[in-house]
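Every number here is computed from the coordinates shown, using simple stated rules; none is lab data. Computed from a prediction, not measured in an experiment: that's the story for all the values here.
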C-alpha cells in the first residue's frame, strides 16, 4: 500500500483558531480523507506551537505557568478540531518530550555538519511574527505582516549557515517543479533565493521558555527552528523507535499559509539538507480567507469564529462552503450572505432535495423497500459514475479541491433533472410501468450512494448518514475506490431508513432575524430611538475574562482592562473606575461589544465596550451566571 504523509502548520496557542486557521485544517483533512478513499496508507499530522514569547506573555497574563497555560489551550484546540471533523492521526505539541528529543538530535546533526557557529546578532525582531527581519524587508520601518515597528535586538547567538545552501536549494526547486505549489509561491521563493540568502540566528539567550541547546543551556532553540522539526518529531525521529519515521518520511505534502513559505521552502529544506535527511516532496502555500474583502483583524472586529457557524448549522456546511467556494492556493472570501446562498442552493436545494425526494418516493411507491439492486454503474444515470469518479480523482491528485467537488455536484444536479424528465409520479399511475418506476428510483439511489461516497471528504457526517440510510454495508470511511473491484452494491429488499432533512433551508434573512419575527407596520413605530433586529444583530457581543485591570493615568473614570477574548486578547478602556477597583475585576468574566470601532481615549486605543447596568447610583457589570469559554458569543 502506497503511503501518504500530510501535515499542516502547527498553531500558536496564544489565541483560538479563526476561520482562516480552520480553512487550512479543513483542506488538509479533505485531502487526507480523499487519499484514504483511494487506498493510500495515510498519516495526517497537526499540532500546537508552544515555545513562543507571545505564548509566555499570555500565560503570565492568565497567572499560569507557561506549561499549565499550554496544557489548557492545547486541549481546547483538540476539542475545536474535533467539532470540525478533522481526522488527524497525530497531534504533536512542541512541549512534548518526543519533540525535544527530535530537536536535540537534529541540532546535533546540523552542528556536526559544521553548519552552526556563534556570533553576535544585531537586528530587528518582530514579536508578532516571532521572526528576525532584515532591514531590506521592512515597510516604512515596520514589519510587513503586522505593520508594527519591530524591536531592535543585540544578542550573542548561534547561527545556521543558510547561505551555504543557496545553490543546492535552487537546483532542487528547479529540478522538482512540484516541490513548491502553487506556481506563484514557487516563483516567489526562487526570486528570494536568487537575491541571496544570509545566515540566520537559531537561538535566543536570556529567555527560558524553550528547548535548551544541547551543550549550552544559556540559550534556547529559536522558536521557528524548533517548530519546523515537528514534522519529524511526530514520527519519532531521534527516539528509540523510528519505525514511523522510516515508514512515512519524507512528507508527501506540507500544507501551510502563504505568509510562512520562506520558513518551509528555504529554512526547513536547508536544515534537512544539512542533516542529511530527505526533503518533503511538496509544500503547498494556500491563500488567506478574508471577510467581505477585508483581512480579518481583532482591531477591525471582523474576526469570524468557525464554531459560531458550526455550532449553529453543523461542521459540514462550513467545510463544504470553504472547500467548494475557495480555489485551493488562491485567496478566498467569507461572508454570511454568501454562505447562506451556497448552503441553500447546493446543499438544501440540490443534494438535500435529491435525497429527501428519492426516499419519499421509495416509501410512497414501494413501502420503503429498495425494489431492485442498487449497483452504482448499473443504470442509465448511474452508469456515468465511473467517469465522475475518474475526473474527481484527477482533480484530487492535482489538489483541485473545488473542482473535484464541482464534479460530484454536477452529477447531483443531473439526478434532479433526471427526476423531472422521468416524472416517477406519472410512472406510478400506470401499473404496467412499475418496473420502469423501480428502475428509476434505484438509479437515483445509486447516484446518491456514489455521490455520498465522493463527498465524504467534504461533508463526512452527512455522507455517513446517507450511506447508513441506504443500507450500504460496512463503514463509509473504510470503503475504498479501487477501479472496478470495489463498487458499492445494495441488494433489492433492503429497507431504506427514513431521514430528517439533511440540510433544512435557511431563510434568506436568518442571519439577521428569526422566522417568528414579524415587523410592525412602519406607521406603528413612533419612537425614533427604536432599532430593528437588523440593527441589533450587527452587534457582536461576547464574554471575556479580565486578565488584568489598572487605572489609566490622569483619568479618574477609566480602567484599562486586558481581556482574554478567545481571539488573542484585547484592551478595553472602561469608565467604571469610580465603581470598581482593579482587584475586584481581575479574573471576572464580563460581556463586551467585540466589533465596536476602536476609539482613542486618553491617548490610548480601546477595542470594544464592556456592558454594564446602572441601578440608581450602583453600577453592575453584566456577567454570565456561570463561567464560559472566553470568546463565547452572546445571542
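What to note about this one:
- Largest-first principal axis extents of the Cα set of segment 360-447 (Å): 49, 22, 19
- Start at zero, step by 20 Å, and the Cα-Cα distances of the chain spread as 17, 44, 31, 8, 0 percent across the bins.
- Once the mean of 1/r is taken over each pair of separate Cα atoms and inverted, segment 539-621 shows a Kirkwood hydrodynamic radius of 12.7 Å.
- Length-normalised contact order of the chain in % [C-alpha pairs under 8 Å, at least 6 apart]: 13
- Look at where the Cα atoms of segment 404-459 and of segment 184-232 average out, and the two centres are 55 Å apart.
- An ellipsoid equivalent to segment 335-490, defined through the eigenvalues of its Cα gyration tensor, has semi-axes of 26, 19, 14 Å when rounded to whole angstrom and sorted largest first.
- Each Cα pair under 8 Å and six or more residues apart adds its sequence gap; the mean of these over the residue count of segment 406-501 is a relative contact order of 21 percent.
- Each stretch of four or more DSSP H residues adds -39500 (n - 2.57); spread over every residue of the chain, this sum gives -11000 deg cm²/dmol at 222 nm.
- Annotation: the antiparallel percentage among DSSP beta bridges lying fully within the chain is about 70.
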